[in-house]
Amino acid sequence: MPNFKYTAYDSKGKEIKGTIEASDMQEASKKIKAEGNTPISVNEEGLLDKDLNISFGGKKVKVRDLSVFCRQFVSIVRSGVAIVDALEMLAMQTENPNLQGAIQDVMTSVQKGDTLANSMRLRKDVFPNLLITMVEAGEASGSLEIAFDRMGTQFEKDAKLKGMMKKALMYPIAIMVVVIVVVIAMMMFVIPTFADMYADMGQELPLITRMVVGLSNFLIDNWLLCLIGVFAIAAGYKVFARTTFGSYLIADISRKVPVFGVLTVKSASASFARTLSTLVAAGVSMMDALEITAKTMTNLRFRDAVMEAKEKVAQGRPLSEPLKASGIFPPMIVHMIGIGEETGNMEHMLDTAASYYEEEVENTTAQVATLLEPMIVVVMAVIVGVVIMAVLIPMFGMYEIAGES
C-alpha cells in the first residue's frame, strides 16, 4: 500500500506532521482521525519523496537500538525513577543521535501532560507502531514495565532473525564481489599484455582465447559505459521494486527461489507468530493485532494474507482458516494456531510457533551457508579457470612450435 504524507492538529491543537500507510487518501484521512487528530492536508508520498527520505542527522535507528532502549527503560523505571526522569537519563546516555532526539521530544511532550504513547506517536519516524500500541496498552492496564519488557524481547528476536538472514547472504555476496573484481582486473590489465604478445606472434588463437580477448577489449574501450550501465540497472531495479507489479513480483520470487525461498517463508512465519503473540499477550484486540502484525511483514504476499485473515476474522471465522486458505503459511503454524483457538491458549501456541520457526531459521541459515560455500568455490574456480585457460592454451601452442623448430 502507498504512504501518505499528512499535516494535522492533535487533540491539544498542536500541529503535527507524519506519514501513514493506506490504500487511498480517504482511508488515510480516516486513520488520522482514528488516532484523535484532525487532518489539514493529506497527499500521497511520491517516488521522489521516498528517495529523499534520508537521515542526515545521524545513524538510522536500528532494531537493536530499540531493544536496548526498552531494556534500559524497564531497568530504570523498576528502580523507582519517574518516567520523565527515566527518559532524560536515557536521552543522555543514548549514542544514536536520531534516537536521542526522539527521546527528548517524547520527554518534552510527557512533561506537558500527554501520555507516553501519544508522545511517542509524534515521532513515528523512530518508534514503530508496534511499540506505540504496546505502550498504549501498557498504560491502559497499568503494566507499562511489562509492555516495554516484552517489546525488548520482541526487538531482540527481530534483530537476531535479521542478523541470521544477513549472515546467510553476506558470505556468498562477498565472494562473488571478490571474484568479479579479480576477473575485471585480469581483463583490464593482465589479458591485454598477453593479447599484444600473441598478436606479435601472428598465430591463430583458440576460440576461448578470442572470446576472452574480445571481452577484455570491450571492457577497456567501454568501461565508462559499463559503469553507467551498472548504476542504471541498480537504479532501475530500485524504481521497479517500488511499483506495485515489481514489489509483488519480488515478493513471489523471494518465496520461491531455490534455497533462499524456504528461509524467507520460515523467517516470515517466525516474525508473524512473535509479533502477534506479543500483541495478544498485551491485551490488544485481535483485529488491531492482526493489522499491526500485517504492517510489520516485509513480504507483501504475507502482508496481504494477514490483512485478508483480519477481514475473515471480523466476519466470525477462526484465524487458522484464512491462513490455511492463503496457501503461503506453512501447515505447522496453521495447525498450532488452530489448536490455540480450540484450547483458548492462543498466546502460548503463538509463542511456541515463534520459537520453533526462529530455531528453524537458525538451522536453515547454517544449512544454506554450508550448501553455498562449495557451490561458490566451484563457480569461482570455473570463472577463473576459463580466464587462465584462455591465457595458457596459446602459450602451449607457442612452446610446441618452438620445440619443433
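If I ask for residues that are more than 22 Å from Ser277 (Cα to Cα) and either under 17 Å from the mean Cα position of the chain (by Cα) or buried (at least 22 other Cβ atoms within 10 Å of the Cβ) (or both), which ones from region 122-164 would you list?
Residues satisfying the conditions are Asp125, Val126.
Can you work out which of the residues in region 49-81 that are assigned to a loop (DSSP other than H, G, I, E, B), closer than 25 Å to Ile20 by Cβ and of a type in the set (Val, Ile, Thr) is modelled with the highest pLDDT?
Within region 49-81, the match that is modelled with the highest pLDDT is Val61.
In region 134-190, what residues are of a type in the set (A, V, I, L, M) and under 22 Å from Leu290 (Cβ atoms)?
Within region 134-190, Met134, Val135, Ala137, Ala140, Ile146, Ala147, Met151, Leu161 qualify.
Using the structure shown, decide if Val284 is surrounded by 15 or more Cβ atoms within 10 Å (Cβ to Cβ), touching a helix residue (DSSP H, G or I) at 6+ places or on another chain (Cβ under 9 Å), assigned by TED's automatic domain parsing to the domain that holds Lys166 and not in a helix (DSSP H, G or I).
Spelling it out, Val284 is indeed surrounded by 15 or more Cβ atoms within 10 Å (Cβ to Cβ), touching a helix residue (DSSP H, G or I) at 6+ places or on another chain (Cβ under 9 Å), assigned by TED's automatic domain parsing to the domain that holds Lys166 and not in a helix (DSSP H, G or I).
Only helices (runs of 4 or more DSSP H) wholly contained in region 113-226 count here; list those with 3 or more residues that are closer than 22 Å to Val68 by Cα.
Of the helices (runs of 4 or more DSSP H) lying wholly inside region 113-226, those with at least 3 residues that are closer than 22 Å to Val68 by Cα span 116-121, 129-141, 144-185.
Any residue in region 332-342 that is out of contact with any Asp or Glu (no Cβ under 9 Å at 6 or more places or on another chain) and among the small types (Gly, Ala, Ser)?
No, there is no match, as no residue in region 332-342 is out of contact with any Asp or Glu (no Cβ under 9 Å at 6 or more places or on another chain) and among the small types (Gly, Ala, Ser).
Anything in region 263-287 that is among the hydroxyl-bearing types (Ser, Thr, Tyr) and touching a residue at least 60 places away in the same chain (Cβ under 8 Å)? List them, or say none.
Those that are among the hydroxyl-bearing types (Ser, Thr, Tyr) and touching a residue at least 60 places away in the same chain (Cβ under 8 Å): Ser267, Ser269, Ser271, Thr275, Ser277, Thr278.
Please work out if Leu290 is part of a helix (DSSP H, G or I) and either modelled with pLDDT under 90 or out of contact with any helix residue (DSSP H, G or I) (no Cβ under 6 Å at 6 or more places or on another chain) (or both).
Judged against the criteria, Leu290 is not a match.
The values are calculated or read from the model by the stated rules, or taken from the named source; none is laboratory data. Since we're looking at a predicted model, the values are computed, not measured. Ideal geometry is used to build each Cβ from the backbone, glycine not excepted, and the neighbour counts take in all protein chains shown.
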